[in-house]
Amino acid sequence: MPDAARFDLVVIGSGPGGYVAAIRAAQLGLRVACVEKEKALGGTCLNVGCIPSKALLDSSEIYRHTQRGLAVHGVKASGVELDLPAMMARKDKVVRGLTSGIAGLFKKNTVTPVVGSARLAAPGRVAVTGASGEQTLEAERVLIATGSEPTPLRHLPYDGERVIGSTEALTLPRVPERMLVVGAGAVGLELGSVWSRLGAAVTVVEFLPHIVPWADREMGTQLQRALERQGMQFRLQTSARGAARSERGVRVTLAAAAGVSEEVEVDVALVAVGRRPYTEGLGARELGVAFDDKGRIVVNERFETNVPSVFAIGDVIPGPMLAHKAEEEGIAAVEMMAGHAGHVNYEAIPNVVYTWPELASVGITTEEAATRGVAVNVGTFPFRANGRARCMEETEGGVKVIADARTDRVLGIHILGPRASDLIAEAALAMEFGASAEDLARTVHAHPTLPEAVKEAALAVARRAIHI
Ligand code: FAD
């Protein structure tokens, strides 16, 4: 350990918030250590979140497409078989490649990685317990980036085998015949999609009357219909009230809002009802760090807690639990520490559900505009009228642009369709630059491409779409 274990900044947690903050701080000339309790760097996102789930989503989509999507292109395929161990091994390889890449980036940027569990021992002192005992790091500043963990359901406690969380759902040894997913948010729909594509009969139970409750209502409903066409079933306004192991797997009691309850028997039940901040063993409360009623660390606009020189970012503080939100907060926090300006535009954080079609959005929904009393003009354009989508045979969904009726400024863009996750980048950029719908509409888009649907939806705001 260089410099007698004294650092300008000790980052606790190496998820996308922590590792990105550590690298940026080192670029700005700070002496930085990043403490991680797990063997691999990268946090939830790289190890058991964004990356392994997307690796399985991509592989399972190729499997489904090869089975069902080739004939229409005049390609005959027979003998298509699933090799689940190979699919899992590829996923693990992708994860390994990226997590070990962080170690390389730390080396390049002279960030000191420290393996062990960190505890805020005293102001300016972080105690790290690792395999070789305890050591103390002296820190001018501490940045807490300890992330989150799956929220358990009291009536449906995890047993790691038949009642599982997202981590176990990424490593199932075989395709379940029947799977129940509790929670119709991004994680439930994505992992439900993976196993549905691989052959499981998947039923999704959601307590609320809509799937992806934060999404634009119309888009969420369209996504539900698309997933139903793929074979997934939905039980809305229904909650899981209890589970008992059975010979086959697990019997789950479901209670519908109408008061009717019933039992379903499945091989495996995935509980995906959200995540909660993780601060176990951190000693933050003992040091006097303030938390809100949801267990999140309270910070000011500089990401500093009520304890001077202790900062926090990412899933452990309020806001959407997203990797890119954690990254941007990490960068802004350390830039401000180094005397620069730092800023996160919370109005322009994209949110994606990586099903097929994908649902991506940035900014406000139609419902939020109504609640806030903002008069808006809305332009929509379906992918069935987009040339490239037709060439690809991917015509489900469409684009919706929501613009301020008074100023034409873009307030929200919602995309359901092929590669919506990529298409949303243009929307986020437009919002970041305060673009008007007309700016988007007058930007030359290459033809034939999927982003032309964004341009057309922007044209439709002023009722002048060309291709519909
Ligand atoms: P984390 O990534 O949770 O990292 C925190 C790290 O801190 C962990 O490595 C932990 O071991 C370490 N730590 C905790 N306490 C200590 C301690 N005391 N000492 C040392 N180390 C400690 N987000 C997206 O934006 N896009 C997606 O596609 C996406 N997909 C997801 C799929 C799944 C299945 C899941 C579960 C999540 C997904 N997320 C996605 C959410 C995303 O993973 C999180 O928002 C993101 O990882 C938060 O980053 P973070 O840096 O705040 O915390």
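The values are calculated or read from the model by the stated rules, or taken from the named source; none is laboratory data. If you're wondering where the values come from, they're calculated on a predicted model, not measured in any experiment. Please note: Cβ atoms are built from the backbone with ideal geometry, for glycine as well, and neighbour counts cover all protein chains shown.
When Gly283 is evaluated against the numbered criteria (1) over 30 Å from Val175 (Cβ atoms); (2) in contact with a Ser or Thr (Cβ under 7 Å, 6 or more places away or on another chain), which criterion, by number, is the only one it fails?
(2)
Are there any pairs with C-beta distances below 6 angstrom linking a residue in segment 272-298 that is assigned to a helix (DSSP H, G or I) and of a type outside the set (D, E, K, R) to a residue that is within 11 Å of the ligand (Cβ to nearest atom) and modelled with pLDDT of 95 or more, with the two at least 6 apart or on different chains, and if so which?
Once the first residue is assigned to a helix (DSSP H, G or I) and of a type outside the set (D, E, K, R) and sits in segment 272-298, its partners that are within 11 Å of the ligand (Cβ to nearest atom) and modelled with pLDDT of 95 or more give Ala284/Leu120; Leu287/Leu120.
Could you list, in sequence order, all residues of segment 259-282 that are over 16 Å from Arg162 (Cα atoms), within 11 Å of the ligand (Cβ to nearest atom) and among the small types (Gly, Ala, Ser)?
Within segment 259-282, Gly274, Gly281 meet the criteria.
Is there any pair linking a residue in segment 25-54 that is within 19 Å of Met321 (Cα to Cα) to one that is charged (D, E, K, R) and near the ligand (Cβ under 6 Å from one of its atoms), with Cβ under 8 Å and at least six apart or on different chains, and which?
Hits for this filter: Gly43/Glu36; Thr44/Asp315; Asn47/Glu38.
Are any residues in segment 212-231 assigned to a loop (DSSP other than H, G, I, E, B) and under 30 Å from Ile402 (Cα atoms), and if so, which ones?
Val212, Pro213, Trp214, Ala215, Asp216, Gln230
Looking at Lys93, Lys107, Lys54, can you tell me which residue is surrounded by fewer than 20 Cβ atoms within 10 Å (Cβ to Cβ), within 12 Å of the ligand (Cβ to nearest atom) and either among the aromatic types (Phe, Trp, Tyr) or assigned to a helix (DSSP H, G or I) (or both)? Walk me through how you get there before you give the answer.
On the way: Lys93 fails: within 12 Å of the ligand (Cβ to nearest atom); Lys107 fails: within 12 Å of the ligand (Cβ to nearest atom).
Step by step, each of Lys93, Lys107, Lys54 is checked, and only Lys54 is surrounded by fewer than 20 Cβ atoms within 10 Å (Cβ to Cβ), within 12 Å of the ligand (Cβ to nearest atom) and either among the aromatic types (Phe, Trp, Tyr) or assigned to a helix (DSSP H, G or I) (or both).
Could you pull out every one of the helices (runs of 4 or more DSSP H) wholly within segment 394-468 that has 1 or more residues that are polar (S, T, N, Q)? I'd like the intermediate steps shown before the answer.
On the way: elements: 420-432, 437-442, 452-461.
By residue number, 420-432.
Give me a count of the residues in segment 173-214 that are surrounded by fewer than 17 Cβ atoms within 10 Å (Cβ to Cβ) and among the acidic types (Asp, Glu).
1
I'd like to verify a number: residues in segment 330-345 that are touching a helix residue (DSSP H, G or I) at 6+ places or on another chain (Cβ under 8 Å) and either buried (at least 17 other Cβ atoms within 10 Å of the Cβ) or part of a helix (DSSP H, G or I) (or both), how many?
Just the residues of segment 330-345 that are touching a helix residue (DSSP H, G or I) at 6+ places or on another chain (Cβ under 8 Å), to begin with: 330-331, 333-335, 337-338, 341-345.
With the extra rule that they be either buried (at least 17 other Cβ atoms within 10 Å of the Cβ) or part of a helix (DSSP H, G or I) (or both), the set shrinks to 330-331, 333-335, 337, 342, 344.
Summing the residues that are touching a helix residue (DSSP H, G or I) at 6+ places or on another chain (Cβ under 8 Å) and either buried (at least 17 other Cβ atoms within 10 Å of the Cβ) or part of a helix (DSSP H, G or I) (or both) in segment 330-345 gives 8.
Output the residues belonging to segment 128-151 that are near the ligand (Cβ under 10 Å from one of its atoms) and either over 23 Å from Ala332 (Cα atoms) or hydroxyl-bearing (Ser, Thr, Tyr) (or both). I'd like the intermediate steps shown before the answer.
Taking segment 128-151 as the starting set, the residues that turn out to be near the ligand (Cβ under 10 Å from one of its atoms) are 128-130, 144-150.
Listed by number, the residues that qualify are Val128, Thr129, Gly130, Thr146, Ser148, Glu149, Pro150.
For residues in segment 303-320 being surrounded by fewer than 20 Cβ atoms within 10 Å (Cβ to Cβ) and either free of Cβ contacts under 8 Å to residues at least 40 places away in the same chain or within 17 Å of the chain's Cα centre (by Cα) (or both), which is farthest from the ligand (Cβ to nearest atom)? Let's see the steps before the verdict.
As a first pass, look at segment 303-320 and keep what is surrounded by fewer than 20 Cβ atoms within 10 Å (Cβ to Cβ): 304, 306-309, 318-320.
Filter once more, keeping what is either free of Cβ contacts under 8 Å to residues at least 40 places away in the same chain or within 17 Å of the chain's Cα centre (by Cα) (or both): 304, 306, 318-320.
Working: Glu304: 17, Asn306: 19, Pro318: 12, Gly319: 10, Pro320: 8 Å.
Only one residue tops the list, namely Asn306.
Cβ contacts < 8 Å: first residue touching a residue at least 60 places away in the same chain (Cβ under 8 Å), restricted to segment 95-106; second residue surrounded by 13 or more Cβ atoms within 10 Å (Cβ to Cβ) and assigned to a helix (DSSP H, G or I), any location; separation 6+ or different chain. Result?
Listed by first residue and then by second, the contacts come to Ile102/Tyr19; Ile102/Leu46; Leu105/Tyr19; Leu105/Ile23; Phe106/Tyr19; Phe106/Ala22; Phe106/Ile23.
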